[in-house]
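The values are calculated or read from the model by the stated rules, or taken from the named source; none is laboratory data. Because the structure is predicted, anything quoted here is derived from the model rather than measured. Neighbour counts run over all protein chains shown; Cβ positions are idealised from the backbone, glycine included. Surface areas here come from the heavy atoms of the whole protein model, side chains and all, with no ligands, DNA or RNA. Shrake-Rupley method; radii C 1.70, N 1.55, O 1.52, S 1.80 Å.
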Amino acid sequence: MQFFDYVEKDSVLHRINPSLKLLLIMALMFTVTFVYDPYTTFGFALLGMLQLTVLARLPVLKIFKMMLPLTLMLAAITITSIIAFDVSLEQDPVVVLTIGNFLISWASIMFGLTIGLRIFCFLIYSIMFVATTDPTDFILSLILQLRLSPKIGFGTLAGYRFVPLLGAEYQNIHQAHMIRGSEQRQGPLQRIKRLKRYSVPLLVGAIRKAQRVAIAMDSKGFLAYRDRTYLRDVRIKRSDIFYLVIILLTYLLLLAILTHYGITLWGYRSLR
Amino acid sequence: MRDPVISIRDFSLSYDGKHKVLEGINADILPSERLLVLGPSGCGKSSLMLCFNGIIPNLIDGRLGGNLLLRGKDICSMQVNELTREVGIVFQDPESQFSMLKVLDEVAFGLENLAKPRDEILAGSTDALKNVGLIGHADELLSRLSGGMKQRVAIASILAMDQNILVFDEPTSNLDPEGTRQVAGIIRGMPRSKTLIVIEHKLDQFIDIFDKILLLSGKGSMIAYGPTREILKKYLKQFKDMGIWIPQIPRFFLRLKEDNIGTDSLPLNLDQARESIKRSKEARIIEALDSQVQKRIKDGSRPKNAPAVKVKDLSFSFNAGEPVLEDITFTVGKGDFVGLVGPNGSGKTTLAKLMIGLYGLKPPSEIDFFLPDGKIIRERDKISKKCGYVFQNPEHQFIEENVFDELAYGLKIAKYGQDAIKSKTWDMLGLLGLKGLSASSPFNLSQGQKRKLSVASILIMDHDLLILDEPTFGLDFAATTMLMELLSDYNRKGKTIIIITHDMNIIFKYTSRVLVLYKGRLAFDRPTSQLIDHTQLISKASLEVPPLIKLFKEVGEHAVF
């Protein structure tokens, strides 16, 4: 299993319509950006992880292991946020720690944790989408449900195949130049020069491939008929709506309970 | 007489309105006919194909002259969707003719475009996949398939649309022998209801299926159009002059004819050749065959030389993944001309790159590179001063902005004097026939010229060892012969050459030793002439014995008259 890649299997989340899943996940991510307490944010993350395990049947522990290098980044963001929080704006700060001129209050710690957890949340939800969405279904759903132009949709799909090829090509060019004894110094200026040199063969190759694909697609009558049909049955089914309602109710319930106990805070101002 | 499906009348094509890419083409292609279009590279064959389904002028600008009629209707007056129901094209490059990620989706793509209902799409796609023997791979990712399988998917995706005219634009030229065999077999087995128009230069496998040949000159004008045997007989000289491959079997018998050793009708494939020889009972045919074959198999018995590279217990995998190479041990002697062959994905390129130190090794794997004085080096930067490597894609190694500087680049790095650089570079340009192009960008050259340049820019360095990854890929007969003779000369100067190729004619004609890689293991390491007898290995490792050698093995050795 790759870290940020589609995992081919059958699960509840795999079967959900990609556009609906995307919109729902985006809505949840949007909501969580207005939450300013770590508890609610953690609740969102927890529900996300729960969906990953139960609904997508993905090995969450394995995913965590792969995320390990990222935890360093998360920790850094948390600490920076704690320090960056402007305690002087607080009406009645509860100071926990003083380092020189810096005051670290209880609210600043909560703020830092919120930001860290929020990014964690984003990661979880992004993985949830990417790992459970077949790229082909995703593009078809964008075309069929969200009215993306087929030209752009199929173009993207054709281009998607070239991404790994491009990587291999870059590797080859690098090796070929290296063998011929071209400059391999590591300075930033050298790197830019090298990038310029590599980009010509890369671009030439990419443009040629794109042209060939375009000719091949047109040869098969792509967009020759206005109403193209589709072999894959990508539409919004009743089960999708069912899933949507259940998920929305669950998150509303979480927010209701936490709000009832005064835990959920909305907006930056709530921290003062 | 049946009405032609395509009639071409005094047809010409021009992209800029002045310079003509195609000119004076006249042909009547009958239903169910199999037509072969031949011409040197860059003669406009592919452009002609794109006119057949209206890509030119509908999507690519071009000025058409004369008439191009599809069932009596002018192609220029037809809609693209009308044309796509009639004409399907399979292209050369298996990597860049797909728009979807998975096999079934790709095959269904055309039917979807034709707006067929879902059950029809499914039925049509499944049938097409069955026809090319890939029904078991319907749900697989295209990127996981071999080149031959990809081309079969491409054919299936055209078959699914059930057009009557199928165009194949060099369908096997990017494939290894096994892939070529598969695709040639499918083309051979096409139902007679289809009209086939094929551009191809590797024709040993299926020259016999063609009813007619359309022969174009290098400038895109028509030289001849007629029945296959007639064209081969009449235009042998033109074929040679233009550097077009002539399939081995008919070429051999045509040469015999020149010496008045006659067979009645010109054999095109092995079976016909065998029959013809039996019937004629001419001992001279066998003699001629014998001498031809001797010319084609290099004698591998040379004295044991000091080693140039020693590979010992080599195993290798990328990022702790599946092993690419396992347990490989061999030695290449100084002055050897070694062929490295095997199916695509068997690890040939990886092995070659390991030899020049591009990847790190883990013990007990060892690769020793020997300097002339017997000293061993293992570091990449030291090896690359002593060993040249020509990459598969010539564009990947282009560094400079014009041809002259590109050739001189290595010499500059090696700190040659100005005068030496100039004279060496001009010499090489002259040798390649590229003098007139010294100031143009390497990227503006033709495919053949690019390849010549990429080989020459390494050759000029006069390295002791040269490794080449498919240097003749995509070259026509003339360019291939020229390049291989260049390498042969180099080899005769005592230089060591290792060449990766799928072209078995090259292997037999030029190399003294063959290494066969199969599934990451070394399956064969002996003089080339001994490979012929290992028939099991040959079919297993996707190799091929050139038809003339095969013929000799079958009829020559036991011939009693």
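Numbers below:
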item	result
Net charge of Cβ neighbours under 12 Å - reference B:Asn58; Lys, Arg +1; Asp, Glu -1	-3
Exposure rank, largest accessible area first [B:His534, A:His177; 1.4 Å]	B:His534, A:His177
Solvent-accessible area buried by A and B, counting both chains, probe 1.4 angstrom, square angstrom	4900
Förster radius 51 Å - calculated FRET efficiency between B:Asp127 and B:Ala283, Cβ distance, rounded to 0.05	0.50
Only Lys, Arg (+1) and Asp, Glu (-1) charged, at Cβ; the protein assembly as shown dipole about Cα centre in debye	920
Separation of the B:Asp119 and B:Ser14 label points, Cα + 7 Å toward Cβ, nm	5.5
Per-residue ³J(HN,Hα) for the range A:231-244, Karplus 6.51 cos²θ - 1.76 cosθ + 1.60, θ = phi - 60°, Hz, x for Gly and Pro	5, 6, 8, 9, 8, 8, 9, 4, 5, 4, 5, 4, 4, 4
Label-to-label distance, nm, for residues given as A:Ser88 and B:Glu400 (7 Å Cα→Cβ offset)	6.3
B:Asp290-B:Cys76 FRET efficiency (beta carbon distance; Förster radius 56 Å; 0.05 resolution)	0.50
Solvent exposure, largest accessible area first (probe 1.4 Å, DNA, RNA and ligands not counted), of A:Cys121, B:Cys76	B:Cys76, A:Cys121
Helix-only mean residue ellipticity at 222 nm for the protein assembly as shown, each DSSP H run of n ≥ 4 adding -39500 (n - 2.57), per residue, nearest 500	-14500 deg cm²/dmol
Positive minus negative residues near B:Ala128 (Lys, Arg vs Asp, Glu; Cβ under 11 Å)	-1
Calculated FRET efficiency for the pair A:Thr31/A:Val95, C-beta based, R₀ 30 Å, to 0.05	0.45
Residue mean of other protein chain beta carbons inside 10 Å, A:202-210	2
For chain B: relative contact order, % (alpha-carbon pairs under 8 angstrom, 6 or more apart)	15
For B:Arg34, net neighbour charge (Lys/Arg +1, Asp/Glu -1) across residues whose Cβ lies under 13 Å away	0
Accessible surface, 1.4 Å probe, highest first, among residues B:Ile356, A:Ile79	A:Ile79, B:Ile356
The range A:33-91: trypsin sites (Lys or Arg not before Pro) falling in loop per DSSP and having at most 16 other Cβ within 10 Å	A:Arg57
Inverse of mean 1/r across different Cα pairs in chain B, Kirkwood, Å	25.6
Residue-wise HN-Hα coupling along the range B:267-283, computed from phi with Karplus coefficients 6.51, -1.76, 1.60 (Hz; x: Gly, Pro)	x, 10, 10, 4, 4, 4, 5, 4, 4, 4, 5, 4, 5, 6, 6, 9, 5
Other-chain or far-sequence residues with amide H under 5 Å of A:Val96's (modelled H)	A:Ile104, A:Ser105, A:Trp106
Area accessible to solvent at A:Thr71, 1.4 Å probe radius, in Å²	70
Accessible-area composition of the protein assembly as shown, carbon plus sulfur, in percent [1.4 Å probe]	57
Shielding by partners, peptide B:111-122 (average Cβ within 10 angstrom, other chains)	5
The range B:6-243 - accessible surface per residue (Å², probe 1.4 Å)	36
Antiparallel bridges, percent of DSSP beta bridges restricted to the protein assembly as shown (to nearest 5)	55
Karplus (6.51, -1.76, 1.60) ³J(HN,Hα), θ = phi - 60°, over the range A:10-25, in Hz, Gly and Pro reported as x	10, 8, 4, 5, 5, 8, 5, 4, x, 5, 4, 4, 4, 5, 4, 5
Long-range Cα-Cα pairs in the protein assembly as shown (distance over 45 Å), rounded percent	39
Sequence-distant aspartates and glutamates (8 or more away, or on other chains) whose Cα lies within less than 13 Å of B:Lys240	B:Asp476
Chain lengthening between A:Trp266 and A:Leu70 when straightened (0.36 nm per residue, less Cα-Cα)	67.9 nm
Value of relative contact order over chain A, rounded to a whole percent, pairs C-alpha under 8 Å and six or more apart	32
Trypsin sites (Lys or Arg not before Pro) restricted to the range B:412-502 and DSSP loop, no more than 11 other C-beta within 10 Å	B:Lys415, B:Lys493
Extension gain (nm, one decimal) between B:Lys375 and B:Arg188, 0.36 nm per residue minus Cα-Cα	61.8 nm
Other-chain or far-sequence residues with amide H under 5 Å of B:Leu325's (modelled H)	B:Phe316
Length released on extending from B:Lys312 to B:Asp241, taking residue separation times 0.36 nm less the Cα-Cα span	20.9 nm
